[in-house]
Amino acid sequence: MTMTLHPESSTQTSPSAWQLAWQRFGADRIGVWSAGIVLCFLALVALTAMNLVASNWEKEVAIGHAPPSWAPVAKGEGGAVQALPPVLDYTPSPTDVVDPIAKEWAQAQMAVKPAGEKPDVLATHLPMGADKWGRDVLSKTIKGAETSVLVGLAAALVATVVGAVLGAVSGWFGGWVDDLSNWLYNVFHAIPGILLILAIAAVLNTKGSAAVVVILGSTSWTGVYRLMRGEFMKHREREYVRAADAIGASNMRRMFVHILPNVSHVILVQYSLLTVACIKAEVILSYLGFGVPVDGVSWGTMLTEAQNDLLVGKWWQVLCATLAMSIFVTALSLLTDALRDALDPKVVQ
């Protein structure tokens, strides 16, 4: 009589590295809340891009510099909204401005007019106020998020891809390839970041979101390159890479099939950090007049307009743009910290 051993009906398998990372991330409440805020911003950007939200940001809907208020507007006979006379306004004259960049912005701003026909009745209050042309500041902030966030994500993607590829090739092959890549890295790294950005912007002599992406993507890859070069130099001597070499795997397969998944967490964290840095840089470029053109809107252009509003005590545009940028950048930074802790296998929680 023989006995047959049957395998167990259920087998217990250990969780993968990605499952463990997801569990660690789910236990971080701050990281989860930050991810929710970032996703809300991305959803808002998607709705804005489809013209479902803030599609009429260019229209004049209120009196110039209408103050922020949730109170109901004044009504006259028949319930019609009475447009109050606009407050004393200040229009910057190009002859009053000494700085050439500010002078150019003043000239362009005087030529800008809200699109669309002027309504018969203008509001006297808006939730976040209005700018000097009577445009809703809240709609401008939402529309500006589309430009600033998309530029930040696209520029960070370009910088991450360039830095990761150069770092992988340099760290894997070494020799003259490594020397050439290090020379290129040292050239870009030796020049102060803001000066390099302004120099490339002056050479390109173009404005728009695409130009900002090219400028920031071509100057922000050095940090990713340095980290990826070190990771590939370390992993190319590991046992699993030598085993792949023993079975005849090519260089490209060992680099991008075997090593790259093991360093993907470094790339993801660096992409998040670069997104924050590129959003800040876009605001600076637009503020200096090298970013989004005058007929567009971003958080940077709103801050540029707000510097003239502050001269006459109109603070709500700078507050709205700064608050939106601060919330998104802070949430993305906290999300980056949470991802770094979750994806690091050495972290024990």
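Below, the figures for the structure above:
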{"item": "Proxy reagent accessibility, fewest Cβ within 10 Å first, across 22, 183, 316", "result": "183, 22, 316"}
{"item": "Cross-link pairs beyond the 18 Å C-alpha cut-off, checked among 59/207; 59/280; 132/314", "result": "59/207; 59/280"}
{"item": "Mean Cβ count within 10 Å, highest first, over the residues of peptides 154-161, 190-197", "result": "154-161, 190-197"}
{"item": "In Hz, Karplus ³J(HN,Hα) per residue of the stretch 219-226 (6.51, -1.76, 1.60; θ = phi - 60°; x = Gly, Pro)", "result": "10, 10, 8, 5, x, 5, 4, 4"}
{"item": "Stretchable slack from residue 198 to residue 307, in nm (0.36 nm times residue separation minus alpha-carbon distance)", "result": "37.1 nm"}
{"item": "Cα-based convex hull, the stretch 214-255, per residue volume (Å³, whole number)", "result": "63 Å³"}
{"item": "Distant-in-sequence amide H partners of residue 62 (H built 1.01 Å from N, under 5 Å)", "result": "123"}
{"item": "In order through the stretch 263-277: 3J(HN,Hα) via Karplus (6.51 cos²θ - 1.76 cosθ + 1.60), integer Hz, x for Gly, Pro", "result": "10, 5, 5, 5, 5, 5, 5, 5, 5, 5, 5, 5, 4, 4, 5"}
{"item": "Per-residue HN-Hα couplings for the stretch 228-240 [Karplus 6.51, -1.76, 1.60; θ = phi - 60°; Hz; x = Gly/Pro]", "result": "5, 4, x, 5, 6, 5, 6, 7, 5, 9, 6, 5, 5"}
{"item": "Surrounding net charge for residue 302, when Lys and Arg each add one and Asp and Glu each subtract one, Cβ distance under 13 Å", "result": "-1"}
{"item": "Amide H within-cut-off set for residue 53, under 5 Å, with H built and near neighbours excluded", "result": "48"}
{"item": "The stretch 145-343: relative contact order as a whole-number percent, Cα under 8 Å and 6+ apart", "result": "30 percent"}
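Where a number appears in this text, it was derived from the coordinates with a stated rule and is not lab data. Owing to the predicted nature of the structure, the values given are computational and were not obtained by experimental measurement. Here the Cβ is made from the backbone with ideal geometry for all residues, glycine too, and neighbour counts use every protein chain on show.
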